[in-house]
Each structure stands twice: as C-alpha cells, then as structure tokens.
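To keep things clear, I will list the structure first and then write my remarks on it.
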Amino acid sequence: MPTGFPRAMPRPSRWRAWRSASLRFSLAYGMMFALSSILFMSFMWWGTIGFLERQVETAINADAHALAERWMMGGLPTLALTIEDRLEQNLDDDAIYLVIDPQGNYLTGNVSAWPAKVQYTDRWYSLPDTRAGLRGMAELHAYRLPGTAQTHTAGQLDSGYRLLVGRDVRARGILRHLLTDSLLWAWVMVTLLAVSGAVLVHGIFRRMVKTVARTTSAIAHGDLSRRMPLVGNGDEMDQVAEAINEMLDRIVRLMDGVRQVSNSIAHDLRTPIARARTQLEDAALHATTDAELRDAIERAVGNLDNVTAVFEALLRIAQIEAGARRSAFMTFDLVPVLRDVADLYEAVAEDHDIRLALDLPDSLNFYGDRSLIQQAVANMLDNAIKFSPAGGTVYLRAQVRELAPGRVTGPTGEGMLDLCVSDEGVGMSEADMARATERFFRAEKARNTPGSGLGLSMVRAIVQLHGGRMHLSAHNPGLTVSLALPIAACAISANEEDFPSPQHISGMTERSSFPHQHDMNSSVK
C-alpha cells in the first residue's frame, strides 16, 4: 500500500442533513411555532387559574366583611342567624363558616372545630376537606371579629372571637385539571401542525433552491436555453423566477453581443489590415524609388489609422455606457452647440450638393455633457449627408416638447427635448432599423459606403447616458433619427424665460412633424 497521510474520512450522511439550509430554516420555523404556542397556552392557563383564584378570594372577603357588619349590628345571635340563612341558601354546598369564642369553643357554622393549621389572619390556607364522603380542597381565611378583647401580634390569632370563612374549591380543581389536559392536547396538536408546516416549508424551500441550482448548473455547463419554471400565480417564487429568467436573458443577449462584436471585428478589420500588409509587401518587392515606397507606407498607415479609429470608438462607447462621463455634466445653451456642428458640416453638404436646413429656437438650456451631445449630433449629420442624394435636404430640428396644453414642464419642473435629423436618402427597412444600433451592423444598402457601423451605436450610448431614448423611423424618402432627451429642472430654472412659448413650440412642431418617441433598439447606417 502507498504510504503517506491518511485520507480524511467522509462525514457521515446523517450530518450532511444539518448542512441543508432548507432543513435549518424549517426546523427554526417549527421550533418558533411550538415555543410561541407554549407561551400562548401558558398565558391562557395562568390567566384562567388566576382569575378563578381571585374570584374565590374576592367572594370570601366580601362574605367576611358582610358578616362582620352583622356582628357589629346584633352581636352573636344576629351573626349566627345570618350564617344559618346563608348555609340554607347555598345550593352549591361549597360555603364554609365557623365562629368560635376566645376559648376556642364552637359557636356556629358548618365546621365542627377550628383547623389547627390556621393561625394567622394575613394569609390564605388551602386545606383538605371531606364533605358528603368526597375529598376535596378548601380555600380558607381567618378573621378576628371586631369589638372583642384580644391581643395579637403580626396577624396571629391569640384571643377573642374568631371567624373562619372559606369555599370548597373542588370544582375549581376539576376545572384546572380539565383546562390543563385540554391545553396539553391542544399543544400536542399545535406541535404536530408545526412539524407538518416545517415539513411543507422544507419541501417548498428545497424545491425552489433545487430548481435554481439545476437551472444555473445547466447554464454553467453551456445550456443557455434553460429557464426557471413559473407557477403562474404571481407570488414571490414567480417573482424570483422571473428575475432570474430576465437575468439569464440579459446574459444571453450580452454573450450574443460579444460574439457578434468579435465576429464583426474579425470581419471588418481583416480587410484594412490585409490591405496594409499587401501594400507593404508589394512595396518591399516592387518599389523602385523612395517616392513609391513612401506612397505605399502612407497608404498602409492610413489603413492602420482606420483600424485604430475603430478600436478608439469601441473604447469610447464602452466608457460612455459605463457612465464614466457623468462628471462632465453641466448646464449649457444647446443651440450654439447645434449651430457649430451645422456650420462644420455645411461645407461638406455643399460639396455633395446637399442643403442643410435648421429649425432651432433662439435658446435652449440643457444639462448634460456638451462634447458628447456635439459628437452625437455630428454622427447623425455625417450619416444623413453620407446617404443623401445630390440635390437633397438634411433637416436638423430641436424643440422643447409640450407635455400638456400650454406647459413644457412636468410636476417636478423637468422638461423633454426633441432632437431629430432627417435625410432624403435610401432609408432603411423595418428589420434593419431594429438592428441599426448594433455595433458593426450595416444595412445592405450601405455596404458600399465607407464606415465601420459604429456611428449610431455611439449615439445610442450617449443618449442612454443622458437618460433619453432613441428612435428610428422612415422619412419617405429617407430616414429620421429622433432623440428624446430629458431636460433637468436645474437647466429649466437657469434661464426659464429663454425657452420658446407654447405657441412657438406648436408652430415648430407643425413644421418638424416629430414621430412618436418610444423605446426600441436603434440602428446605424
């Protein structure tokens, strides 16, 4: 046998059960249920027995005070007559009376002799009692009758006339035993219910955890189609299952996106890299002059610059989607920014015989990142000019949306900016518009035009960073890219009088004809 350290023996299976979270949870639930039932039933038992004892003591004290008053009024004859009347009227035969003289001689009552254990007037006595051949218990209390010569200390009976009043509490004892037995049986039933509930909770908890474990294990082993089953009643388990399924759908979409981006990068960057390599290789083999070699190197560097630009765009999109640019948010006038971008692209539009039309208010305060908004509008105008035919028109429009008749601000002071760029180009199909903002996606009509398919992906990332929405729609002919950007209350309050009036907004809306804004996966030309 090989020598070495002995292997650790596996833990016995009976201990593995205690490692189950569902078992521990169900046991804790059952124990809490059983303990709470014990406390509740103990409270009921003590409350009921205490009430019965207080009721007996109150009745004895009231009876004794009434007899003392009769003693004060008529002495022993009146007291004896009163006791006899009460014994005759005592249908339950549970009353106990005894009066003795200072020498301890019997005077009246239904007890023949003073109990030897009853020595004090400041305490209660529970003594065995035999009545009508039945043994029971009697609750007794001793009193000194007022107006008699007596010497006593600390409640001790020394001399004088003494009164003993009590009640036979046999019925109370029977009731106590009955109540005790009933509560014990009730506790046994409650404990069985607690155990049954613990088993049920254990089963439900274990089934839910096993379902999650099986689903996640299947996905971890490559089965991305597995999902949590739904009961359909909308309870917490369904909510957990829906949350897990939504998370899994999100993971699948992200993985598909990464796979698609990887494929697109490999496909779109292979051509310029291969072209640069071919140019350098051809120049190394066939270039005869320095000018030819320099020209080949410059063309290869240009192709490599395009590759670098693509990677820089990807990194910039990732930074924007991560929210790294929120620190640059500030309040600024958006109209000069839009006019600067329009002036920059107006010369490009004129070179392509395209007219650039603006529909902007005089001033429009906005809270966001100035350079990112400028880049988003530049990408939109670049795409519009690129795909517009000669003689066409590109429209740039911006306006504050009228949220209610005559109002451009919401209840908390916020507003909504509508910004759109429209062209008269080839347009896109519904299927292409649904995928247009995917990275490196290019519609069939745009395959022969320069570009990397990242323009509208960048625009969507910028819009999402600002909490807005992006929507593509047909312009007939052409395409309209619409942005709905929220205007923070601080931007509105910064220069509220500069915003256009509702009448001006209505006029601009008629000329711009903004499409209805809604969420969808935006696209790129």
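The values are calculated or read from the model by the stated rules, or taken from the named source; none is laboratory data. What you see is a predicted model; the values in this text were computed from it and never measured. For neighbour counting, all protein chains shown are included, and Cβ atoms are generated from backbone atoms with ideal geometry for every residue, glycine included. Just so you know, the surface numbers come from the protein's heavy atoms only, side chains and all, with ligands and any DNA or RNA stripped out. Shrake-Rupley method; radii C 1.70, N 1.55, O 1.52, S 1.80 Å.
With at pLDDT 80 or above and touching a strand residue (DSSP E or B) at 6+ places or on another chain (Cβ under 7 Å) as the only criterion, which of Leu248, Leu334, Leu280 stands out? Only one candidate passes the filter, namely Leu334. Would the range 227-236 turn up any residue that is among the acidic types (Asp, Glu), at negative phi and in a helix (DSSP H, G or I)? Checked the range 227-236: at least one residue is among the acidic types (Asp, Glu), at negative phi and in a helix (DSSP H, G or I). For the range 347-358, a residue qualifies if it is surrounded by 14 or more Cβ atoms within 10 Å (Cβ to Cβ) and within 52 Å of the chain's Cα centre (by Cα), and the qualifying residues are Leu356, Leu358. Of all residues in the range 298-311, none satisfies being aliphatic (A, V, I, L, M), more than 53 Å from the chain's Cα centre (by Cα) and at pLDDT 85 or above.
The lone criterion from (1) out of contact with any helix residue (DSSP H, G or I) (no Cβ under 7 Å at 6 or more places or on another chain); (2) at pLDDT below 75; (3) under 30 Å from Leu224 (Cα atoms) left unmet by Glu321 is number (1).
Only residues that are surrounded by 11 or more Cβ atoms within 10 Å (Cβ to Cβ) and more than 12 Å from Met208 (Cβ to Cβ): list them for the range 231-245, please.
Glu242, Ala243, Asn245
One residue is enough: does the range 170-183 have a residue meeting the conditions of a type in the set (Val, Ile, Thr), modelled with pLDDT of 80 or more and surrounded by 20 or more Cβ atoms within 10 Å (Cβ to Cβ)? Taking every residue of the range 170-183 in turn, none turns out to be of a type in the set (Val, Ile, Thr), modelled with pLDDT of 80 or more and surrounded by 20 or more Cβ atoms within 10 Å (Cβ to Cβ).
This table checks each residue for (1) crowded, with 16+ Cβ neighbours inside 10 Å; (2) in contact with a strand residue (DSSP E or B) (Cβ under 9 Å, 6 or more places away or on another chain); (3) in a helix (DSSP H, G or I); (4) not basic (Lys, Arg).
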{"position": "Ala68", "(1), (2), (3), (4)": "yes, yes, yes, yes"}
{"position": "Asp92", "(1), (2), (3), (4)": "no, yes, no, yes"}
{"position": "Thr108", "(1), (2), (3), (4)": "yes, yes, no, yes"}
{"position": "Val118", "(1), (2), (3), (4)": "yes, yes, no, yes"}
{"position": "Ala138", "(1), (2), (3), (4)": "yes, yes, no, yes"}
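Considering the conditions (1) hydrophobic (A, V, I, L, M, F, W, C); (2) more than 42 Å from the chain's Cα centre (by Cα); (3) surrounded by fewer than 18 Cβ atoms within 10 Å (Cβ to Cβ), Met330 is excluded by exactly one of them, (2). If we keep just the residues of the range 475-491 that are among the aliphatic types (A, V, I, L, M) and modelled with pLDDT of 85 or more, which is farthest from Phe329 (Cα to Cα)? Out of the qualifying residues, it is Leu479. Among residues of the range 61-77 that are within 23 Å of Asn105 (Cβ to Cβ), those with a beta-carbon under 6 Å from a residue that is open to solvent by less than 50 Å² (accessible area, probe 1.4 Å) and among the β-branched types (Val, Ile, Thr) at least six positions away or on a different chain give the pairs Asp63/Val165; Ala64/Val165; Arg70/Thr78; Arg70/Thr82. Before we move on, is Gly410 modelled with pLDDT under 90, within 22 Å of His471 (Cβ to Cβ), surrounded by fewer than 22 Cβ atoms within 10 Å (Cβ to Cβ) and not basic (Lys, Arg)? So Gly410 passes the test.
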